[in-house]
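Remarks on the structure that follows.
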Amino acid sequence: MHVARERPHERERLHRWYLANTEKVKAAAREWALEHPEKAREAAARCRARRRSKRRDDLRAWRAANPEKARELSREGSRRRRATNPERSREEQRAWRVANPGATRETYRAWRLANLERARILNRVGSSRRRTRKRGSGGSHTAAEWIALCWASAWRCAYCGDVLNEKTAQQEHKVPISRGGSDDIENIALSCKSCNSRKHSMTDVEFLQRRSVL
């Protein structure tokens, strides 16, 4: 080996000889492994460790050279895992949040600062879902359904017609949760803060009738 390192042409000659005598080399290796099983297992383990180390180093180098592609592949792998094993994925995420409460808070805080309007929307959807679950009224809707309703309503209050935006629009239950209304999107209306407060526990029909009288 020392001679081979000092004389590159010697390595080339040995490589050519190996290619020409591959079967002979493999037969000799098998015979040696049968005679020295412990040493053969140790040698195989060292070989596997070297291959794993090289793969890790190559992967780190590729990620460093292609950060955007690496992140996209990581996200795609996470999406596939969640789609294949949704229950296991949720359990893993829950366990990670429990084990890393500080990192969870910092991640959420950074996301909220970068996505204020979407955070407000998700907070409203989550609040509505918690209230219906507590009351046992059932039903649910997603943030995407709420946004679609806002655009379908031209961002106007269903009761007074005022123009709203992502910050001022509020979710209002046509049949209040306190009176058995569900959290399905069919029972949600776009409302301003004033109408939402004055409507209180009335249904949408009752509130509109009262407005018409007043």
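Give the cross-link partners of Lys26 among the lysines, using a straight C-alpha distance below 17 Å as the criterion and excluding same-chain residues fewer than 8 apart.
Lys39
For the chain, take the longest principal axis of its alpha carbons; what is the angle in degrees between that and the long axis of helix 101-114, to the nearest 10 within 0 to 90?
60 degrees
Match the structure shown to one of the listed values (i) 50; (ii) 53; (iii) 66 of percent of Cα pairs over 25 Å apart, computed from it, and give that label.
(iii)
Compute the long axis of helix 143-152 from its Cα atoms, compare it with the longest principal axis of the Cα atoms of the chain, and write down the angle in degrees, 0 to 90, nearest 10.
Taking the Cα atoms of the chain, the angle to 143-152 is about 50 degrees.
Using modelled amide H (1.01 Å from N, peptide plane; none on Pro or chain starts), what sits under 5 Å from the amide H of Ile188, excluding residues fewer than 5 places away?
Lys174
Against the longest alpha carbon principal axis of the chain, how many degrees, from 0 to 90 and to the nearest 10, is the axis of helix 22-35 turned?
90 degrees
Select from Ala29, Ala64, Tyr18 the residue farthest towards the positive end of the dipole of segment 2-65; place +1 on Cβ of Lys and Arg, -1 on Cβ of Asp and Glu, and compute about the Cα centre.
About the Cα centre, the residue reaching furthest to the positive side is Ala64.
Among the aspartates and glutamates, which fall within straight-line cross-link reach of Lys193, defined as a Cα-Cα distance under 12 Å, with same-chain neighbours fewer than 8 residues apart omitted?
The qualifying aspartates and glutamates are Asp162, Glu172.
Using the 10 angstrom Cβ neighbour count as an exposure proxy, how do Cys157, Cys47 rank, fewest first?
Listing Cys157, Cys47 from fewest to most nearby Cβ atoms yields Cys47, Cys157.
Could you give the distance between the Cα centres of segment 57-114 and segment 158-179, to the whole Å?
That distance is 35 Å.
We did not get these values from a lab; they are worked out from the coordinates using the rules stated. Since the structure is predicted, the reported quantities are computational estimates derived from the model, not experimental observations. Because the Cβ atoms are built from the backbone with ideal geometry, glycine has one as well, and the counts that use them run over all protein chains shown.
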